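The values are calculated or read from the model by the stated rules, or taken from the named source; none is laboratory data. What you are looking at is a predicted structure, and each value in this text was computed from that prediction instead of being measured. Positions of Cβ are backbone-derived with ideal geometry, glycine not excepted, and every protein chain shown enters the neighbour counts. We work out accessible area using only protein heavy atoms, side chains counted, and drop any ligands, DNA or RNA first. Shrake-Rupley method; radii C 1.70, N 1.55, O 1.52, S 1.80 Å.
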Amino acid sequence: MSSADDNTPGHSLCPGGSSLRVDAERNRERILAAARTTFAADGIDVPMSAVARAAGVGIATLFRRFPTRADLLDAVFADTMRAYVDAVETALADPDPWHGFAGYVQAVCAMQAADRGFADVLTMTFPAAAHLEELRARAYDDFRKLIDRAKATGRLRPDFASQDLVILLMANAGVIAATAQAAPESSPRLVGYMIQAFTAPQPDTLPPPPDPDALAHAMLGLNCTRTT
């Protein structure tokens, strides 16, 4: 066990336990830094023990700071999820609704490519990570407004549904996982094709989108599969 572990005897000898508090905060930051690096490189399904090793702390210390994986994900990705929210708010502020829509799709997919861990988070749902889900819901509501604005211009095909972005993110996550190291240009290529497919007019009508509740269930099931 690392000397950084807050189980180390003697850390509470300082009056008021200030040394213990300092070490506990230091361990928390070490864990978050290690989790960001590990999740970004390998996805969020890496063992918690691997995060603890990368942080140089014992597994018991990690679980004291973050009792569940959802707690750790909430802390690690809160800032990135806020950036996700900011991206759609920026798109809504664009005076050209179609440009805002296309730019948002490209921005979110680029966020996926930059951080494999966040790519996983975008295509799953985590009911226990309340803050992440709150931010996700806020971004989703704004995205629906963005869809309506883009359709009103006649540039976005009328049968586009909000579920289509989720499907694209799932597909993009798979492309990123398969090609990020060897062919990183694959993801932007896919996104470019999909934006063209979203553009009106299109000669053919798509099959109906999946039921939103069924798609949410699939996202939850993906989470359970990867984190068990």
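A few notes on this one:
- Every residue from the range 156-192 that is under 19 Å from Asp45 (Cβ atoms) and either acidic (Asp, Glu) or assigned to a loop (DSSP other than H, G, I, E, B) (or both): Ala180, Gln181
- Considered as a group, the residues in the range 131-164 that are aliphatic (A, V, I, L, M) and open to solvent by less than 20 Å² (accessible area, probe 1.4 Å) include one that is nearest to the chain's Cα centre (by Cα), and that residue is Leu132.
- Helices (runs of 4 or more DSSP H) completely within the range 50-130 that count 3 or more residues being of a type in the set (Gly, Ala, Ser) and either open to solvent by less than 20 Å² (accessible area, probe 1.4 Å) or at pLDDT below 90 (or both): 69-93, 97-114
- Qualifying position, being open to solvent by 50 Å² or more (accessible area, probe 1.4 Å), modelled with pLDDT of 90 or more and out of contact with any His (no Cβ under 9 Å at 6 or more places or on another chain), among Ile167, Ile195: Ile167
- Qualifying residue in the range 151-173 (condition: in contact with a Pro (Cβ under 6 Å, 6 or more places away or on another chain), over 27 Å from Ala214 (Cβ atoms) and free of Cβ contacts under 8 Å to residues at least 60 places away in the same chain): yes
Let's see how each residue does on (1) touching a residue at least 24 places away in the same chain (Cβ under 8 Å); (2) closer than 25 Å to Pro184 by Cβ; (3) not hydroxyl-bearing (Ser, Thr, Tyr):
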{"site": "Thr80", "(1), (2), (3)": "yes, yes, no"}
{"site": "Ala83", "(1), (2), (3)": "yes, yes, yes"}
{"site": "Val88", "(1), (2), (3)": "yes, yes, yes"}
{"site": "Asp120", "(1), (2), (3)": "yes, yes, yes"}
{"site": "Leu132", "(1), (2), (3)": "yes, no, yes"}
{"site": "Arg149", "(1), (2), (3)": "yes, no, yes"}
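- Of the residues making up the range 198-211, those that are in contact (Cβ under 8 Å) with a residue 24 or more places away in the chain and either among the charged types (D, E, K, R) or surrounded by 13 or more Cβ atoms within 10 Å (Cβ to Cβ) (or both) number 6.
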